[in-house]
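Every number here is computed from the coordinates shown, using simple stated rules; none is lab data. In this text, all values refer to a predicted model and were calculated from it rather than measured experimentally. Glycine also receives a Cβ, built like all others from the backbone with ideal geometry; neighbour counts cover every protein chain displayed.
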């Protein structure tokens, strides 16, 4: 298996060399290099994060991705005018999206993936998770819930004012900045984990069952992005107090309503 | 470990019984029951999906979840007027969200989690993934990318027309319907897997490395939701042809541009 892993990695990095020219997003090249410099890991795909505007044929369900085309893509912050002019080219249903950092890392052993997963969660990428394939390939996907998805036109008709596009651009740019901060945190934490531990025990503690049941899974997975302390795991931050609206799902202890801050912070 | 699992499950289900009244969302009670009827699994939290409107204090970064409150929550389809009247109560930055089905399932062994993961991916929940805790607790999280996140007000001032709210409501309701179809697909596939196999080999095939490198991870994880065939795994559907805009990230083979349908369909 170890031999197999080395072979996969070689095969992958060889392929990388062929396609390197401009293909790793600038903002994550240091992170991709760090991971690929370690024998137990290699990256198979990544995107630093992007702001996009896609146009779908009207009347076609959004789950049918055929007949869509891209009006605008940026991996950096963007300007309202770029979006406004791209939106003018819409003749279907245009949707604006902020898509955060995504990274897939193949790991030699489950331990390695657990460590990498822990680092990702602690950096704020709370939708990260492992996949264990049939033949034992272990993949760790870094994912975030830090998104925007905003419909902007219907049948080619723009649905919002230019002022709204300005506001949206500002918001997406703020998300891009926060996304970069998380990437840097991921890089720093990974570097520490790789340097100081050879290899670390996985940091993800098992959930205390009695507490699992107290919150909505949406809140449970909601990102705060402010935490950086790997020793605080499954920290419970419920504040009993004012309840406003019944948003409870199973996993809530009762019909009581957790507010947004009222979360069980997974792995943080 | 097996004994430990049974103890955890008992502890969890006991807790469930205490909080059952209305706490499992109606649309997934059959699924939660099916999972909890099997000795190798139990659910720790779930939400069938919801349409929400939250109000954040203006000027506070969206990553700081303090000082937010809920203006509207529905686990069913909703009406534009419900949202319009809720939005009138905003005095900060209101954000409209569609949040899809989320489920956390604790699994006895890694094999079990792999099977459950495979069923989730095949049902269209492409951001699903495993967590393996320090003490060996294995959790499978069912997650989807099928979201909406739309800012609607700033400093209490509504930024969009009522017509837009009508369009948004329709879109969210369509997403709710598709979400329910996926839940049903998940239920059906899980039932088949549990009935016919005791237990199945995990269906998730390992990725062929040479193909991993061909697409953006965002497209790779994009949901089509149309697939239902567990034998088609990592099916490659690239169509070489018209290229429109450079959205390539590392993982793309070159600077060539995959269109939206031009995806490597993970696990499908």
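Once you have a ≥ b ≥ c as the square roots of the Cα gyration tensor eigenvalues for region B:97-197, tell me rounded if a/c is under 1.5, and otherwise prolate or oblate according to whether a/b is larger than b/c. The partial results should precede the final answer.
Numbers: a/c = 5.02, a/b = 2.02, b/c = 2.48.
Taking the square roots of the gyration eigenvalues as a ≥ b ≥ c, region B:97-197 is oblate.
Order of B:48, A:23 from fewest to most other C-beta atoms within 10 Å?
Numbers: B:48 24, A:23 18.
Lowest count first: A:23, B:48.
Modelling each spin label as a point 7 Å along the Cα-to-Cβ direction, I'd like the residue A:174/residue A:82 distance in nm, to one decimal.
Distance between the two pseudo-spin positions: 1.9 nm.
Expressed as cubic angstrom per residue, what is the convex hull volume of the alpha carbon set of region B:1-196? Present the calculation step by step, with values, prior to reporting the outcome.
Working: hull volume 25.2 nm³, N = 196.
In region B:1-196, the Cα hull volume divided by residue count equals 129 Å³.
Order by neighbour count: B:132, B:57, fewest other Cβ atoms within 10 Å first, most last. Before the final figure, lay out the partial values.
Values: B:132 22, B:57 14.
The most exposed by this proxy come first: B:57, B:132.
Along its principal axes, what span do the Cα atoms of region A:51-153 show, with the longest given first and each in whole Å?
Largest first, region A:51-153 extends 50, 29, 16 Å along its Cα principal axes.
Can you sort A:27, B:82 from fewest to most other Cβ atoms within 10 Å of each residue's own Cβ? The partial results should precede the final answer.
Working: A:27 18, B:82 15.
Ascending number of Cβ neighbours within 10 Å: B:82, A:27.
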